RNA sequence: GGGCGGGUAGCUCAGCUGGAAGAGCGCCACGCUUACACCGUGGAUGUCACAGGUUCGAGCCCUGUCCCGCCUACCA
């Protein structure tokens, strides 16, 4: 029952480990499948199984944990669903690299053995990030942890594939796709990153077949000319109108190709004629389809020229480029070369230049899915926060193109399609067939490809809850309440979850999406390994503790803004942890002999009422801010309350009562308030700083109460709103500050106790100051305080003004009068500026006629205050001049 | 080319529906007052990018300009 004694400082490393274990053991993170309590659920953006915790993860998961802890404390049946993603390309790369060290390739092992090897790798090294999330304090329901390659999730993937296929939403075909010659797979449009490249624009002459001159085309990829099957011009181009339909001879290849007309061509660019290579360019491919052109691929999956490239066969595409250019020049076809900057697509995984290539792939018809996803957001079934992202979402969804979902990898969900070697039929099935359902033949061959990893992550919000089974968890928690993720995967993931959720579940996957910004370094640059400016979150945790680190992330997460991270900022919040720790030490010491049931009683003192009113405001502020995902505002509210209200004022002003210098009943009342306020304060802070608050909560409550994380989050209490007490206390604080100001400005050392006189102005104020006498004497460090309704200003004093009150501090023998004169003049200058501004405003007839009455009243009050202050200060200055002579 | 965000104290940023310019860090001065020097008390600092406009009143709303980021796009 009685509070524990605390050590000199909080020891994060030891406490974090111990407390996290305690939470796990007590199953506090565990969500109930069914419950009386309202549900609240978040699915984690599944990190890659190969992933290591970086700043982006740290931010993302800290924010999720803040909300989850907050909602859990508010009494919701809270689920934070954790798990990982199998990351097809990345994981396969890692294991292939491992094999390479042994001198092997995946083909040496064969598909089955390779996959077994990947699983082995996963068991041994995968999922390091899960433990790193635990160090962050994440309160995920680990009992439910899922992996996209799990049995259940894999089955779900098949179900969805088959459903889409049967409803004609999936098709297979030869189309041009983004091919990575290093990963040897197709990737989706989204997985291509464009980088600016300083290259050349080569102008090449294609002679007419009939010998009547030539036509010049410009290209950034001369090597692809080997696969040209046409030259295109704009149908309205007067220069070429009569050339349409004629043939030109393709240089080096010596083959006739036609001149066609298509309004895709920009007349203003180059010569207005463009070479068409349907096998190596998506636009040319589209044109080939419009015009029924022949499609020739001259580059293979390795990025090498193939047999259609004639003598260049076997050369790398860039080597071939040099050779083609050289040959064109030699044979007189090269008209010119000009430097040219253009964008080149690269594989987002390995940064190899993408090769647009025609191949047989699987696609999802996306338009019908996108239409529903668009509607859901415009009807606010799902809310995107901050709302500015909605425009981006709509823009992308409206221009979306079919999604290439097949990947030429081994690690992933293999496409559930089989081909019968006997009757040639295609079988699409959720279960592996052992014979052909059409001809009973047994020579079945499964499609070699696997699905895009994002296909399975798109299903994450319901597959993790057990779908296709209609589980209780699914019923309780779908649609999930909130998704928190970085804006950078709005398209990759959020949009696809929207489409799949609506398609499969007929309901949105989440009600709110909060998109946070990127974490950058202190100079605002994106963190990256190659730049060497990345900060390791685990290092920060080791150095400053998880609490300080998390608080820093929250405090800097303003909506729509990047988070600039630096160790110094984290250190600043480590100081905050220390401050809390020390405040707790004092608080607990004061509560050592507190007996809740003691018969002693006294009403709340003025500071008690004041701190409760302030706490009330803070509670309201924190709840409102968190409800709106304004993390920085919530963090600032708690910070300000703890440091500047509880520590700076409440503890200081209550010391005499707490030390028992006033009386036992007063001591008891102060203890009662302190215990209550301190507890609530820890609760408000807990979502941000889970560890230190738990440690202190248990020290405060002893064994009679459980973990803070399952305690009830504070709510605003009407009986704590004491406006009068708040005002009176603030007036006393102003008096104290005024005296301290004189002390500071006059450079009077604290060792010298001052005398102060207060001329209160009226009886009410006099009484209030009299009531606050003890606080003032203490905190302003006075030796005596005289208070009256009206005191005439003594000679040789420094003067302060608070509302209608004048405060005099005799300076005799302390400082020279000149110092006070300067101080007064400064004050007068300041107040006369305010005075002038205010009176000008009130003199304005339009202002009086048009402004709201309460605004006018407020302005009048201000004016009165300024006038009083001005008069008082002027008087003081005059007096000072009188004695100065 | 299209779209979005930003330009507020030396630095990093708050500032919700327009009614006295804020915080943290840094800086200056004074202090080891029995929770805390990872601290306390006090102080200084702003043509709120620029130019117009709306309004009694603009950091906030409108128009234009200039910078800086990011996203997106098939001009070879």
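The values are calculated or read from the model by the stated rules, or taken from the named source; none is laboratory data. From a predicted model like this one, the values you see are computed outputs, not experimental measurements. Using ideal geometry, Cβ is built from the backbone for each residue, glycine included, and neighbour counts are taken over all protein chains shown.
Yes/no matrix, rows are residues, columns are (1) near RNA strand B (Cβ under 9 Å from one of its atoms); (2) crowded, with 21+ Cβ neighbours inside 10 Å:
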| residue | (1), (2) |
| --- | --- |
| A:610 | no, yes |
| A:617 | no, no |
| A:628 | yes, no |
| A:633 | yes, no |
| A:641 | no, yes |
| A:652 | yes, no |
| A:664 | no, no |
| A:671 | no, yes |
| A:678 | no, yes |
Looking at the structure I just gave you, is residue A:285 within 43 Å of the chain's Cα centre (by Cα) and crowded, with 20+ Cβ neighbours inside 10 Å? yes
Scanning segment A:552-582 residue by residue, those over 21 Å from the mean Cα position of the chain (by Cα) and farther than 18 Å from residue A:688 by Cα turn out to be A:582
Subset of segment A:803-819, residues modelled with pLDDT under 85 and at negative phi, comes to A:811, A:812, A:814, A:815, A:816, A:817, A:818, A:819
Being surrounded by fewer than 17 Cβ atoms within 10 Å (Cβ to Cβ), at pLDDT 85 or above and more than 9 Å from RNA strand B (Cβ to nearest atom): is that true of residue A:868 here? no
Selection over segment A:155-177 where residues are within 30 Å of the chain's Cα centre (by Cα) and within 16 Å of RNA strand B (Cβ to nearest atom) yields a count of 0
Do any residues in segment A:269-286 that are assigned to a strand (DSSP E or B) have Cβ atoms under 7 Å from those of residues that are within 6 Å of RNA strand B (Cβ to nearest atom) and at pLDDT below 90, where the two are at least six apart or on different chains, and which pairs are they? A:274/A:265
Across segment A:462-492, which residue is surrounded by the most Cβ atoms within 10 Å (Cβ to Cβ) among those that are in a helix (DSSP H, G or I) and in contact with a helix residue (DSSP H, G or I) (Cβ under 6 Å, 6 or more places away or on another chain)? A:463
Would a scan of segment A:294-317 turn up a residue that is within 16 Å of RNA strand B (Cβ to nearest atom), under 43 Å from the mean Cα position of the chain (by Cα) and part of a helix (DSSP H, G or I)? yes
Okay, strands (runs of 3 or more DSSP E) sitting entirely in segment A:709-809 with 3 or more residues that are crowded, with 16+ Cβ neighbours inside 10 Å and either assigned by TED's automatic domain parsing to the domain that holds residue A:658 or in contact with a helix residue (DSSP H, G or I) (Cβ under 6 Å, 6 or more places away or on another chain) (or both), I get A:797-802
From the options A:152, A:137, residue that is out of contact with any strand residue (DSSP E or B) (no Cβ under 6 Å at 6 or more places or on another chain), under 30 Å from residue A:695 (Cβ atoms), away from RNA strand B (no atom under 14 Å from the Cβ) and not assigned by TED's automatic domain parsing to the domain that holds residue A:248: A:137
Here is a check on your reading of the model: is residue A:366 buried (at least 20 other Cβ atoms within 10 Å of the Cβ) and under 28 Å from residue A:88 (Cα atoms)? no
Over 26 Å from residue A:225 (Cβ atoms) and at pLDDT 90 or above, is that true of residue A:370? yes
Do we have any residue at all in segment A:381-388 that's assigned to a helix (DSSP H, G or I), within 16 Å of RNA strand B (Cβ to nearest atom), surrounded by fewer than 21 Cβ atoms within 10 Å (Cβ to Cβ) and under 30 Å from the mean Cα position of the chain (by Cα)? yes
Residues located in segment A:344-369, provided they are farther than 23 Å from residue A:447 by Cα, touching a helix residue (DSSP H, G or I) at 6+ places or on another chain (Cβ under 8 Å) and not in a strand (DSSP E or B): A:348, A:349, A:350, A:369
Only listed residue being surrounded by fewer than 17 Cβ atoms within 10 Å (Cβ to Cβ) and on the phi > 0 side of the Ramachandran plot, chosen from A:310, A:303: A:310
I'm told residue A:340 meets every condition in (1) surrounded by fewer than 18 Cβ atoms within 10 Å (Cβ to Cβ); (2) in a helix (DSSP H, G or I); (3) within 14 Å of RNA strand B (Cβ to nearest atom); (4) in contact (Cβ under 8 Å) with a residue 24 or more places away in the chain except one. Can you identify the failing condition by its number? (2)
Enumeration of residues in segment A:835-856 that are assigned to a loop (DSSP other than H, G, I, E, B) and either at pLDDT 90 or above or more than 7 Å from RNA strand B (Cβ to nearest atom) (or both): none
Which numbered condition residue A:190 fails, given (1) over 30 Å from residue A:240 (Cα atoms); (2) at pLDDT 90 or above; (3) in contact with a helix residue (DSSP H, G or I) (Cβ under 7 Å, 6 or more places away or on another chain): (2)
